[in-house]
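Notes follow the structure.
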Amino acid sequence: MSTALRLGLRANAGQFALLVGLNALVGAMVGLERSVFPLIGRRDFDLHSSAAILAFIVAFGAAKAVTNFAAGALAERVGRKRLLVAGWLAALPVPLLIATAPSWWFVVGANLLLGVSQGLAWSMTVVMKIDLAGPARRGLALGLNEAAGYLGVAGAAFATGALATAYAPRTVVWVAAALIAAVGLAGSVLFVRDTRAHVELEAETGSAAARTPSVLRACSQAGFVNNLNDALAWGLAPLYLAAHGASVRQIGLVAAAYPLVWGVGQLGTGWLSDSTGRKPLIIAGMLVQSAALALLVAGGGDFAPSLVAAVGLGLGTAMVYPTLIAAVSDAVTPRTRARAVGVYRFWRDFGFVCGAIVAGVGADVVSMRAAIAAVAALTAASGVVVAATRWSFADHRTRGRRDADHRLPLRAPAGRS
């Protein structure tokens, strides 16, 4: 039975809330690894090379980046919901591989599948929320989406760090991953509806943006560098703190503080970008991240400055993360949005690959502090590149006011559920 179709957060509150909850579970799947996985490599598998330990991030980032690209192209042909379900199906073998791994390379293989899962599931929750929200509240919608995902990351990172003091870390990870994957798959199959009809409605009733290559390039390089430093924080920071005498609980607190601030902060920064524009937040966020990494170096691995650095890194990332995707969405037409977001997310998540290589090789060849300092400088340079880019497309705030929720006509969906 068809129902009236309308763009906007209020008009689609039920589906939007469901997708927010699902993205929290998608984030939790990654968060399970953030505080204890590098330690598992060192303690369970007796690895001494930082580059070898960080291979799991290389595998994850490469798989996720390529899947993001493919998902953007497939979304219009296959449908958003089908790709979301496929993402959760790809996650199902991950707990089994982690639980039974006879070597670290089985764990790396599990992270290949996790990257595919994340590339499909997270990409589709992002695209579907943009479809539902319309242009007027795009930044807020993405802030809510990314906040849910990274609060899921933070909660899982904290929980695994705490539980790993009483239980085997690998057991904590695989049991929790199995539960999360089962719930995520069931929710996606039973309750999610596809959003292609919302794309057609926006394309017919809204004013289309002209494709702006300079903005897309600036956003892609900033996303790439952001995830490059995220890979360093994920893979190298726990080893850096452990080398300076931090306990597993302290490492878990630092690992959780970063995505917690990142997640909560996006509740405000996504909304703020709708009001003040995208570019100022992106520039400021990259510079704040750079300063936080510099503090991590200056603190010498001590717990207190590392915790402050994690908070700063989370704040800077919160300013950047939803704003970059919103800027990419502003710069393209509704019908090309899924593909453009897929290309952006390819370059952004390819930063995981390069970040893990830079962090691992830099730590082995020079030192952990030198690797962190190099990434801090690169992050600042990325902010300068965005500052030098002309933001030339029609202002999203003008289009948003013109196409606001209460001005869009009601329409029955084209037979899709």
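The values are calculated or read from the model by the stated rules, or taken from the named source; none is laboratory data. It should be emphasised that the depicted structure is a prediction, and the values quoted were computed from it without experimental measurement. A quick note on method: Cβ atoms are made from the backbone with ideal geometry, for glycine too, and the neighbour counts reach across all protein chains shown. Please note that ligands, DNA and RNA were not included when accessible areas were found on the heavy atoms of the full protein model with its side chains. Shrake-Rupley method; radii C 1.70, N 1.55, O 1.52, S 1.80 Å.
Out of 285, 252, 265, which single residue is at pLDDT 95 or above and buried (at least 21 other Cβ atoms within 10 Å of the Cβ)?
Residue meeting the stated conditions: 285.
Output the number of residues of segment 59-98 satisfying the condition of being over 17 Å from residue 339 (Cα atoms) and touching a Lys or Arg at 6+ places or on another chain (Cβ under 7 Å). Step through it out loud before you land on a result.
Our first condition is that a residue be over 17 Å from residue 339 (Cα atoms); within segment 59-98, this holds for 59-63, 85-98.
Right, trim to touching a Lys or Arg at 6+ places or on another chain (Cβ under 7 Å) and you get 98.
Qualifying residue count, segment 59-98: 1.
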**Fill in**
Scanning segment 227-249 residue by residue, the ones that are under 26 Å from residue 138 (Cα atoms) and surrounded by fewer than 24 Cβ atoms within 10 Å (Cβ to Cβ) total 0
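Identify all residues within segment 160-169 that are without any contact (Cβ under 8 Å) to a residue 40 or more places away in the chain and in a helix (DSSP H, G or I); write none if there are none.
Keep residues of segment 160-169 that are without any contact (Cβ under 8 Å) to a residue 40 or more places away in the chain, which gives 163, 166-168.
Answer for segment 160-169, where residues must be without any contact (Cβ under 8 Å) to a residue 40 or more places away in the chain and in a helix (DSSP H, G or I): just 163.
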**Request:** Scan segment 85-105 for residues that are surrounded by 19 or more Cβ atoms within 10 Å (Cβ to Cβ) and among the small types (Gly, Ala, Ser) and jot them down.
**Result:** 86, 87, 90, 91, 101
**Prompt:** Only one of (1) among the charged types (D, E, K, R); (2) touching a Gly at 6+ places or on another chain (Cβ under 7 Å); (3) at pLDDT 85 or above fails for residue 390. Which number is that?
**Reply:** (2)
**Request:** Kindly indicate whether residue 138 is within 21 Å of residue 338 (Cα to Cα), buried (at least 24 other Cβ atoms within 10 Å of the Cβ), of a type in the set (D, E, K, R) and over 14 Å from the mean Cα position of the chain (by Cα).
**Result:** yes
**Request:** Tell me, please, whether a residue that is more than 30 Å from residue 353 (Cα to Cα) and open to solvent by less than 20 Å² (accessible area, probe 1.4 Å) can be found in segment 163-179.
**Result:** no
**Message:** Going through 21, 31 one at a time, which residue ends up being in a helix (DSSP H, G or I), under 22 Å from the mean Cα position of the chain (by Cα), surrounded by 24 or more Cβ atoms within 10 Å (Cβ to Cβ) and modelled with pLDDT of 85 or more?
**Reply:** 31
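Quick check on residue 304: is it modelled with pLDDT under 90, more than 24 Å from the chain's Cα centre (by Cα) and not β-branched (Val, Ile, Thr)? Write out each step before concluding.
Working: modelled with pLDDT under 90: no; more than 24 Å from the chain's Cα centre (by Cα): yes; not β-branched (Val, Ile, Thr): yes.
It is false that residue 304 is modelled with pLDDT under 90, more than 24 Å from the chain's Cα centre (by Cα) and not β-branched (Val, Ile, Thr).
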**Message:** Residues that are among the hydroxyl-bearing types (Ser, Thr, Tyr), out of contact with any Leu (no Cβ under 7 Å at 6 or more places or on another chain), closer than 30 Å to residue 198 by Cα and in a helix (DSSP H, G or I): does segment 112-129 have at least one?
**Reply:** yes
**Complete:** Listed by first then second residue, the pairs whose first member lies in segment 172-194 and is at pLDDT 90 or above, whose partner is open to solvent by less than 70 Å² (accessible area, probe 1.4 Å) and among the charged types (D, E, K, R), with beta carbons under 8 Å and at least 6 positions apart or on separate chains, are 188/81; 192/81; 193/81; 194/80; 194/81
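Let's see how each residue does on (1) more than 30 Å from residue 74 (Cβ to Cβ); (2) of a type in the set (Asp, Glu); (3) open to solvent by less than 20 Å² (accessible area, probe 1.4 Å):
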position	(1), (2), (3)
280	yes, no, no
292	yes, no, yes
309	yes, no, yes
313	yes, no, yes
320	no, no, yes
329	no, no, yes
337	no, no, yes
353	no, no, yes
**Prompt:** Does segment 1-8 include one or more residues that are surrounded by 19 or more Cβ atoms within 10 Å (Cβ to Cβ), over 21 Å from residue 335 (Cα atoms) and not polar (S, T, N, Q)?
**Reply:** no
**Message:** Can you confirm whether residue 59 is under 25 Å from residue 174 (Cα atoms), touching a residue at least 12 places away in the same chain (Cβ under 8 Å) and either in contact with a Leu (Cβ under 8 Å, 6 or more places away or on another chain) or surrounded by fewer than 18 Cβ atoms within 10 Å (Cβ to Cβ) (or both)?
**Reply:** yes
**Complete:** Listed by first then second residue, the pairs whose first member lies in segment 136-152 and is touching a residue at least 40 places away in the same chain (Cβ under 8 Å), whose partner is outside any helix (DSSP H, G or I), with beta carbons under 8 Å and at least 6 positions apart or on separate chains, are 136/8; 136/403; 136/404; 137/8; 137/9; 139/278; 140/9; 141/9
**Fill in**
For residue 64, the lone unmet condition from (1) farther than 23 Å from residue 368 by Cα; (2) open to solvent by 10 Å² or more (accessible area, probe 1.4 Å); (3) touching an Asp or Glu at 6+ places or on another chain (Cβ under 9 Å) is (2)
**Prompt:** Which one of the conditions (1) closer than 28 Å to residue 123 by Cα; (2) at pLDDT below 90 does residue 272 fail to meet, given that it meets all the rest?
**Reply:** (2)
